[in-house]
Amino acid sequence: MNLSLQRIVPAWAWMRDYHRGLLAGDLVAALVVTMMLVPQALAYALLAGLPAHIGLYASILPLLVYALFSSSKTLSVGPVALTSLLTAAVVGKLAVVDSHAYISAAIVLAMLCGLILLLMGLFRFGFIANFLSHPVVSGFVTASAVLIALSQVGSLVGVATSGSSAHEILFSLLRHIDSTHILTLAVGCLVLAFLWWARSGMARRLIALGVAPAPAALISKAAPAMALILSTLVSYYWQLEFKGVAVVGDIPKGLPELGLPSLDPALWSELAVSALLIAIIGFVESVSLAKTLAAKRRQRIQPDRELVALGAANISSAVSGGFVVAGGFSRSVVNFEAGAQTQAAGMFAAVGLAVVALFFTPALYFLPKTTLAATIIIAVASLIDMAVIRRAWRYSTSDFIAIVVTIAATLLLGIEQGVLAGITLSIALHLYKTMQPHIAVVGEVPGTEHFRNVKRHQVVTHSNIVSLRIDESLYFANASYLEDRIYDLVSELDGLEHVILQCTAVNEIDLSALDALESINYRLKEQDITLNLSEVKGPVIDALRKSDFLDELSGKVFLTQHLAVQSLKHDEIEPYII
């Protein structure tokens, strides 16, 4: 019974064994995350083009639901910068910001993302995370962070901006630069400087003043909440609203009402493709972070389970009037470092946010929007990873191209086009690499049974044999390349009697490649040259046995490359073949 319940609700595994020893760490982590999540939830709602209180709605029920189904013990879900900007980009095409239609579309988008993720999890599509390479994800996240930061500069200086790409936002800023509100800029820069110092030097300064390292770290992580409280008090005391500083305004008091989103088929169909992209992006970002944190404690993440958990979290966000949620980078890291042991920390944080929504939202009326803009800029600054570009430049030309193209497409065309360019480029580069697989002429290392590339090692070869090691599976895209490579070699070598294909790295041979091998076998036979295979893997030989290829093969299939050469060689030995 317990095992069945655990399969349905993984949280049962830690709930049944929960004890007081875990409680302290979870409570401290929940307190810190709650203080961090309040300003972030409000800020990301505004980033998504939604009223601030919807950020709180998207942070309560999703935290509780995710905690029940997740395989991660420390990932903290809620509104995040990337999905918030994507929500604004997608929904902004369909409705006017802050309108009822806009809010309705954002809620439907969350529901669609949730259903897509849930179905992907139920059908075990966790492998989808592998379709986006790490360089592409890094490039996309870096460019998105730059876009998000740029989009907040207008709120930081008190001017309205527009645009979905970097140059559009910059041109918009330049057009309105004369309208900069000095007081708004001053408040924003002060908050920005405080948050930057809190992240980079507050803990060290507190330790120097005699505060213990653990409390000093917790205090520095609570800096966003401190900035929120202080700037709100300053705004209230000096009545900054009446001096031109934009404030959050009325935030409804109380918990969200539960209900189904709009069931308009036209709206659902318009959002479907974008929802698929956002769902995949949110999942990849979340599961990558969850795996990183889990590895530090030697824990295991189940991608299919994370799909279900994130899907359920987004559905719960939609039915409670929220928008798209995912695993938050800064919150999750803080949750981990603050000592969270289980997802009970997330549940306690949800309770804390519910208390804020019930009793403290009126106090946020005077919160300057420039404070939230500064909070977002500091939060996304950690996502900008320029070092990965330098690394890729030194290590891999194709990965460097993937990163640069993804960054350029995201900055110049927008987030949706950027991720599509990244996915397309990842697939295209993979196909390009496998279309021209590495095929090496190999010879035997003297005194051993090992075979190595003749261009890299001093090896023994035989005049009547050419041995080729194929370092890739054979399929339709590289079948003709293999044919051309073999025919070119055969035309260059005199006295050749045998061709041996060393298939150590060949995991599959599809029908197109089989046709190519049959053609190679036939043409070599016409020239009195045998085609032989060595070190063929079991599943591959099983597949070949289902065809006539082995019956028609002019040579033999050998267990090892050494046996093949010993069987077919003449006495003539050459030091190498070029």
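What to note about this one:
- Only one of the numbered conditions (1) over 30 Å from F127 (Cα atoms); (2) touching a residue at least 24 places away in the same chain (Cβ under 8 Å); (3) open to solvent by 60 Å² or more (accessible area, probe 1.4 Å); (4) touching a helix residue (DSSP H, G or I) at 6+ places or on another chain (Cβ under 9 Å) is not met by E257, and that is (4).
- Some residue of the range 134-151 being in a helix (DSSP H, G or I), open to solvent by 60 Å² or more (accessible area, probe 1.4 Å) and not charged (D, E, K, R): yes
- Residue in the range 95-105 that is in a loop (DSSP other than H, G, I, E, B), under 18 Å from S164 (Cβ atoms) and touching a residue at least 12 places away in the same chain (Cβ under 8 Å) present: yes
- Summed over the range 183-207, residues that are within 21 Å of E337 (Cα to Cα) and open to solvent by 60 Å² or more (accessible area, probe 1.4 Å) total 6.
- Failed item, numbered, when S262 is tested on (1) of a type outside the set (D, E); (2) outside any loop (DSSP other than H, G, I, E, B); (3) in contact (Cβ under 8 Å) with a residue 60 or more places away in the chain: (2)
- Those residues of the range 35-56 which are buried (at least 24 other Cβ atoms within 10 Å of the Cβ), more than 23 Å from the chain's Cα centre (by Cα) and at pLDDT below 90, in sequence order: none
- Residue count for the range 517-533 under the criterion of being open to solvent by 100 Å² or more (accessible area, probe 1.4 Å) and either aliphatic (A, V, I, L, M) or assigned to a helix (DSSP H, G or I) (or both): the result is 3.
- Of the helices (runs of 4 or more DSSP H) contained entirely in the range 329-445, those carrying at least 1 residues that are basic (K, R) and over 30 Å from A30 (Cβ atoms) fall at 387-395, 415-435.
- The residue pairs whose first member lies in the range 542-567 and is of a type in the set (F, W, Y), whose second member is assigned to a helix (DSSP H, G or I), and whose beta carbons are closer than 9 Å, counting only pairs six or more residues apart or on different chains, are F549/L514; F549/L517; F549/E518; F549/N521; F558/A564; F558/V565; F558/S567; F558/L568.
- Long-range neighbours under 8 Å by Cβ, at least six apart or interchain, first residue closer than 17 Å to I278 by Cβ within the range 415-427, second part of a helix (DSSP H, G or I) and open to solvent by 80 Å² or more (accessible area, probe 1.4 Å): A421/L413; I423/F131
- Taking the numbered list (1) charged (D, E, K, R); (2) open to solvent by less than 50 Å² (accessible area, probe 1.4 Å); (3) out of contact with any helix residue (DSSP H, G or I) (no Cβ under 8 Å at 6 or more places or on another chain) in turn, K455 passes all entries but (2).
- Single match in S155, S235 (criterion: at pLDDT 90 or above, over 17 Å from A379 (Cα atoms) and buried (at least 19 other Cβ atoms within 10 Å of the Cβ)): S235
- Scope the range 349-385; condition surrounded by 22 or more Cβ atoms within 10 Å (Cβ to Cβ) and not aliphatic (A, V, I, L, M); matching residues: P368, K369, T370, T371, T375
The values are calculated or read from the model by the stated rules, or taken from the named source; none is laboratory data. Remember, predicted model here, so these are calculated numbers, not experimental data. Heads up, the Cβs are rebuilt from the backbone with ideal geometry, glycines too, and the neighbour counts pull from every protein chain shown. Note: areas computed on protein heavy atoms with side chains; ligands, DNA, RNA excluded. Shrake-Rupley method; radii C 1.70, N 1.55, O 1.52, S 1.80 Å.
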